[in-house]
Every structure is written in C-alpha cells, then in structure tokens.
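Structure first, then comments.
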C-alpha cells in the first residue's frame, strides 16, 4: 500500500493499536442471534438494515472490523467480502469467522479503493467503518462503482449534531454547538485532551444528499437514532441524557440508479 492519504495511514495505526480492546465486543456480536446496531444496540427488527433473506446475494462490508456484520449476512445466505484497514482487527475477524463456521473473504485494504471489478456486488454496508473513517468524496463513489444497478448501500455512523455538540476538548456531548458545519468535512481527533483518536469524516444532511445525487444514488430511507429506553449509561463520548433528546447516530439507505 503506497501513496495512501494521511487519514488512511493514521487510522490504520490507530486501529491496529487498539484492536485488542474490541475483541470481546466482537465475540459478543458474533454470538448474537439477532443483529443489533450502533452504540445503543438497537435491534434489527426496529431498523431493518439487512434484507431478511440474502440468498444468492453477493455483499461487501466496507470497514468490517471484527467481521460480525459480515457474519450476520452469511447467516442470511449471502456470499460476503469484508475489507478493513486494520490487520489486527482482521486477525480477530478471521478467528471468529472460523469459530462460527462462516465462509468469509476478508481483505486488508482501504474501502476508498477496493480491488474488485465494477458491479461486483448486490449489497454494501458499513457500520462505523467506511461510514466515518473514510473520505465520503472517495468511498461513496467507490461503493457506487462496486454495486450492480439497483444495488443498495446502507451505512450507520455518527449524526452531525453529535459532532457539533462535542466540546473541543473531546468531552461528552452537551447542549451547545461547538463547531461549524464546515468542520464536519474532516475531524482530526488526534490532539484532543480526552480520548484522542484518529481522523474521521462527516457531512451535513444536504452535503450527503448532494453527494448521493452527484454519484448516482437515490435516497431510499433515512433514520435519526435516539438512545432507547433500554440504554443505561453514556457511550463513547455521547451523554445518555443528551442522546435521549437529540440523535447521536444516523442511518442512510441509498440505491444505485438503474
């Protein structure tokens, strides 16, 4: 991997360094009978992010981490590829796929540049993978290229309002706006005081919609996710009290135009 953007290299090092912290979470998710989504573990029956049957479908997970979403798709009958920027995350994914008897094709690489021909997949998904760690101006067109006409892309990530409401120190969300919409484009968390991280990306709602239109996607569905009544603690810098009032996560479902 040569001549890669700064964020790809930085995020690879970041996730390789913290992959051990996600092993237990990956093991729990692989063991679930029903998928749950996002930091608040919202049940699949409330969101329907996956087709109920994926028999005969070829699917790709963009930023697969420990691979549990890929595993869920295999159980629904899909032939699945997972790609991730972190070799350490993929090591966990390979072990868990083997333990659960899931035949996955797992690739170490960047979801902004995937080594498959055009129109290779029926379905693409990202839960906190490419959805936040890749540049939308690169990974959204790449997802479009990879999908067959009529193929769907589903992704879940941080709601813009949660980012705007995060203090510059990296402290928990609060009821104030701390940055402008323009700041969403590239979010460098490496130097914040609290829980420094990698480089993330997001867009305003109009920014996402404009990008979908320009790329050749049509909007199918959109969800803004509040913390459910079952949530009982803050999660990853998101105040539970805040997240019961305002959306901390979002889900986009788009379809490649035929």
Which one is nearest to residue 112 (Cα to Cα), of the residues in region 137-147 that are in contact with a helix residue (DSSP H, G or I) (Cβ under 6 Å, 6 or more places away or on another chain) and surrounded by fewer than 23 Cβ atoms within 10 Å (Cβ to Cβ)? 141
With criteria (1) free of Cβ contacts under 8 Å to residues at least 60 places away in the same chain; (2) touching a strand residue (DSSP E or B) at 6+ places or on another chain (Cβ under 6 Å); (3) buried (at least 17 other Cβ atoms within 10 Å of the Cβ), residue 59 comes up short on (1)
Which ones in region 1-16 are surrounded by 12 or more Cβ atoms within 10 Å (Cβ to Cβ) and at pLDDT 95 or above? 5, 7, 8, 9, 10, 11, 12, 13, 14, 15, 16
In region 77-136, which residues are part of a loop (DSSP other than H, G, I, E, B) and touching a residue at least 60 places away in the same chain (Cβ under 8 Å)? 85, 86, 100, 109, 110, 112, 120, 128, 129, 134, 135
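Listed here are the residues, each with its yes/no results for (1) surrounded by fewer than 16 Cβ atoms within 10 Å (Cβ to Cβ); (2) within 15 Å of residue 128 (Cα to Cα); (3) without any contact (Cβ under 8 Å) to a residue 12 or more places away in the chain.
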residue: 149; (1), (2), (3): yes, no, no
residue: 164; (1), (2), (3): no, no, no
residue: 181; (1), (2), (3): no, no, no
residue: 194; (1), (2), (3): yes, no, no
residue: 201; (1), (2), (3): no, yes, no
residue: 219; (1), (2), (3): yes, no, no
residue: 228; (1), (2), (3): yes, no, no
residue: 243; (1), (2), (3): no, no, no
With under 13 Å from residue 82 (Cβ atoms), in contact with a strand residue (DSSP E or B) (Cβ under 7 Å, 6 or more places away or on another chain) and surrounded by fewer than 16 Cβ atoms within 10 Å (Cβ to Cβ) as the only criterion, which of 105, 127 stands out? 105
Are any residues in region 65-76 touching a strand residue (DSSP E or B) at 6+ places or on another chain (Cβ under 8 Å) and in a helix (DSSP H, G or I), and if so, which ones? 69, 70, 71, 73, 74
Across region 20-47, which residue is nearest to residue 74 (Cα to Cα) among those that are under 16 Å from the mean Cα position of the chain (by Cα) and in a helix (DSSP H, G or I)? 29
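The values are calculated or read from the model by the stated rules, or taken from the named source; none is laboratory data. What you see is a predicted model, and the numbers here were worked out from it, not measured in a lab. Backbone-built Cβ (ideal geometry, glycine too); neighbour counts: all protein chains shown.
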